[in-house]
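First comes the structure, then the notes that go with it.
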Amino acid sequence: MTGTTPFFTLTVACSSDGLIARAPDDAPHTWASDEEQELFFRDVEAADWAIMGRNTHLAADKPHRRRIIFSTKTEGWERPTQVWLDPAQITPAHLPRHVKGVHALQNGLILGGTRVHDWFLSHRAIHKVNLTIEPIRFGHGLKIFSDQNEVDPIDVFRERGFAVSNETDLNTTGTRYIELEPCTNL
């Protein structure tokens, strides 16, 4: 970790056709496997703060969780553990100072949606990716990244400078768990 910027992990579940949801209010817990959900909650528990957009927050509101919610319309503390910030006004290095009075930010968990993924990618602040690919196809819906043309979720990340460091089958129905890291030549 360099400077004051925390380590950020992007945890994302998607369909086999590279989509993170069918609609903005389509929470993964409604279609993801039990194995994916177990890994998701492991990541949530290990993180100091989860960072997400408004729709992701509202799709699974958890008042007791520490959250940084990106919004261009709302700003400030909604609850003692949830702050709304305008992403146009900050960088990843700014996030720790916004929350330090509540809880230090060293390990941040990026939970989506698409514009939040785009923001972290544009700042080169995705240090690790935990990707679960479920054996379902949505056909249409929300992409992992807004400029994505790829369908294969692994190719989505490879095209953006990430390499697979580990891959595991999670169950007999075809759910795959892939860990990716930025290529060192970026």
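The values are calculated or read from the model by the stated rules, or taken from the named source; none is laboratory data. Because the structure is a prediction, the values reported are computed rather than measured. A quick note on method: Cβ atoms are made from the backbone with ideal geometry, for glycine too, and the neighbour counts reach across all protein chains shown. We work out accessible area using only protein heavy atoms, side chains counted, and drop any ligands, DNA or RNA first. Shrake-Rupley method; radii C 1.70, N 1.55, O 1.52, S 1.80 Å.
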Exercise for the section: Working only within segment 164-186, note down all residues that are open to solvent by 60 Å² or more (accessible area, probe 1.4 Å), within 21 Å of residue 107 (Cα to Cα) and assigned to a strand (DSSP E or B). Expected result: 165, 166, 181
Exercise for the section: Only residues that are touching an Asp or Glu at 6+ places or on another chain (Cβ under 7 Å), surrounded by 17 or more Cβ atoms within 10 Å (Cβ to Cβ) and not in a helix (DSSP H, G or I): list them for segment 151-163, please. Expected result: 162
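Can you tell me which residue within segment 23-33, out of those that are out of contact with any Leu (no Cβ under 9 Å at 6 or more places or on another chain) and either open to solvent by 80 Å² or more (accessible area, probe 1.4 Å) or among the basic types (Lys, Arg) (or both), is modelled with the lowest pLDDT?
Taking segment 23-33 and keeping what is out of contact with any Leu (no Cβ under 9 Å at 6 or more places or on another chain), we get 27-32.
Within this subset, residues satisfying the condition of being either open to solvent by 80 Å² or more (accessible area, probe 1.4 Å) or among the basic types (Lys, Arg) (or both) are 29-30.
Working: 29: 88, 30: 92.
Only one residue tops the list, namely 29.
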Completion exercise
Checked against (1) under 22 Å from residue 162 (Cβ atoms); (2) at pLDDT below 95; (3) within 12 Å of the chain's Cα centre (by Cα), residue 20 satisfies every condition except (2)
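Give me the helices (runs of 4 or more DSSP H) completely within segment 50-146, filtered to those with at least 2 residues that are open to solvent by less than 30 Å² (accessible area, probe 1.4 Å), ordered by residue number.
Details: elements: 54-59, 95-99, 114-122.
Result: 95-99, 114-122.
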Completion exercise
Here the residues within segment 23-43 that are more than 14 Å from residue 112 (Cα to Cα) and assigned to a loop (DSSP other than H, G, I, E, B) are 31, 32, 33
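Based on this model, can you work out whether residue 42 counts as free of Cβ contacts under 8 Å to residues at least 40 places away in the same chain and surrounded by 15 or more Cβ atoms within 10 Å (Cβ to Cβ)?
Numbers: free of Cβ contacts under 8 Å to residues at least 40 places away in the same chain: yes; surrounded by 15 or more Cβ atoms within 10 Å (Cβ to Cβ): no.
When the stated conditions are applied, residue 42 does not pass them.
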